[in-house]
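Scroll down for the structure; my scribbles are underneath it.
Derivation of every value follows stated rules applied to the coordinates shown; laboratory data play no part. Because the structure is predicted, anything quoted here is derived from the model rather than measured. Ideal geometry is used to build each Cβ from the backbone, glycine not excepted, and the neighbour counts take in all protein chains shown.
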Amino acid sequence: MPQCPLCKGKQTRFHARAKDIEYFTSDREFDFHHCQACDVIFIDPMLSHRLGEIYPPNYYSFKETKKNFVVATKEWLDRRALAALTRKIPGNSLSVLDIGGGTGFLLDQVKLADRRVKYTTVVDIDDGARNLALGKGHDFHLTRFEDFDPAGRSFDLVLMLNLIEHVEDPSAILKKAAGLLTPHGIIWVKTPNFDSLDARLFRNHSWAGYHTPRHFVIFNHESLQRTAAKSGLAIASFDYTQGAPFWSISVLNVLRELGLVKASASRPSIYHPLTPLLQAAGAAFDFARKPLGARLSQMVATLKRQDQ
């Protein structure tokens, strides 16, 4: 059995097989395995040496999103969440780092949420996103975070939204981010949860939360908490949030398998005209279930250093 990327052990078992159902970068099927020691799901093999292939030029975070009701609602929710975060951070001037931030779309929202935010920077691997980010007043570092040199700068807020599942060693990424925090700094993490209803329903139908082959390691609440602790971080707050993107792409894939809709590399599922409607339906379904204690398919956590 393959080795777990976190504990390096082989106490693993086959979990699922999936294909790229969003961008169709490959016809290949990839295996996902469950580490029983760490309680994470990981892909085998990890194509970390072929990032240019698995992240196509039309990847969603590399482009400016067209405005619609769903996008506008998401931006409003993001601003509310970001304002709640920055209120906890003292100081007259805040610096924010977005790892994997693409065009800086989240940094746009954090600037609107808190006028104290004076310096914003993106670390990303897409050269096409650089000019868009720079044009909006954000600094930009064209590199993997593993190779990022902060040049002595520290940050009050580090955004890692839908990031740690994309890297080979999430613990190493969290440790490095912890070392970049100011004394009162916090890390905001958002990552998929494989212990959710849609993950179970679409487990054998290329669940969109696998984001094959771009998601390398997928957590649940307990394994995220343990990994943060091993990285010198404590979870200050935790919540489940709606998994509309996973519902929409998963349902669209079933419709595609039934021959009812079409999607391809030239017309990715994420840009299909049905996607916004399916996202709205998925979000509404999750918001309705959340008060009942449902474990939704995305997790949001605020992390701080253990010595804070």
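Around the amide H of ALA236, modelled in the peptide plane, lie the amide H atoms of THR302, LEU303, LYS304, all under 5 Å away and 5 or more residues distant in sequence or on another chain.
Rounded to the nearest 500, the helix-only mean residue ellipticity at 222 nm of the chain stands at -9000 deg cm²/dmol, with each DSSP H run of n ≥ 4 adding -39,500 (n - 2.57).
Only one of the values (1) 119; (2) 141; (3) 128 was calculated from this structure for volume of the Cα convex hull per residue in Å³; name its label. Looking at volume of the Cα convex hull per residue in Å³ for this model, the match is (3). Inter-label distance, LEU197 to ASP44: 3.2 nm, where each label sits 7 Å from its Cα along the C-beta direction. Sorted fewest first by neighbouring Cβ atoms within 10 angstrom, LYS88, LYS176 come out as LYS88, LYS176. Count Lys and Arg as plus one, Asp and Glu as minus one, and take only other residues whose Cβ is under 14 Å from that of ALA236; the net charge is then +2. If only the Cβ of Lys and Arg carry +1 and only the Cβ of Asp and Glu carry -1, the dipole of the stretch 12-305 around its Cα centre is close to 840 debye.
Put simply, the amide H of ILE186, placed in the peptide plane, has neighbours under 5 Å in LEU157, VAL158, leaving out anything fewer than 5 places away on its chain. Per-residue 3J(HN,Hα) values for the stretch 173-186, derived from phi via the Karplus relation 6.51 cos²θ - 1.76 cosθ + 1.60 with θ = phi - 60°, read 5, 5, 4, 5, 4, 4, x, 9, 7, 5, x, 10, x, 9 Hz in sequence order (x marks Gly and Pro).
Efficiency by 1/(1 + (r/R0)^6): what FRET value for ARG226 and MET1, r their Cβ-Cβ distance, R0 = 22 Å, to the nearest 0.05? Result of the calculation: an efficiency of 0.55. Couplings for the stretch 80-94, taken from phi via the Karplus curve 6.51 cos²θ - 1.76 cosθ + 1.60 with θ = phi - 60°, read 4, 5, 5, 4, 5, 5, 5, 4, 7, 9, x, x, 9, 9, 10 Hz in order; Gly and Pro are left as x. If the cut-off is 17 Å between C-alpha atoms, which lysines fall inside it for LYS118, apart from same-chain ones fewer than 8 positions away? Answer for LYS118, where 17 Å is the Cα cut-off: LYS88, LYS136, listed by chain and number. Of all DSSP bridge pairs formed entirely within the chain, close to 55 percent run antiparallel. Less than 5 angstrom separates the built amide H of VAL40 from those of CYS35, all sequence-distant by 5 or more or on a different chain. Look at LYS175, LYS111, LYS19 and count the other Cβ atoms within 10 Å of each Cβ; fewest to most, that gives LYS175, LYS19, LYS111.
Sequentially through the stretch 7-12, phi angles give Karplus couplings (6.51, -1.76, 1.60; θ = phi - 60°) of 9, 6, x, 10, 7, 10 Hz, Gly and Pro residues having no value and appearing as x.
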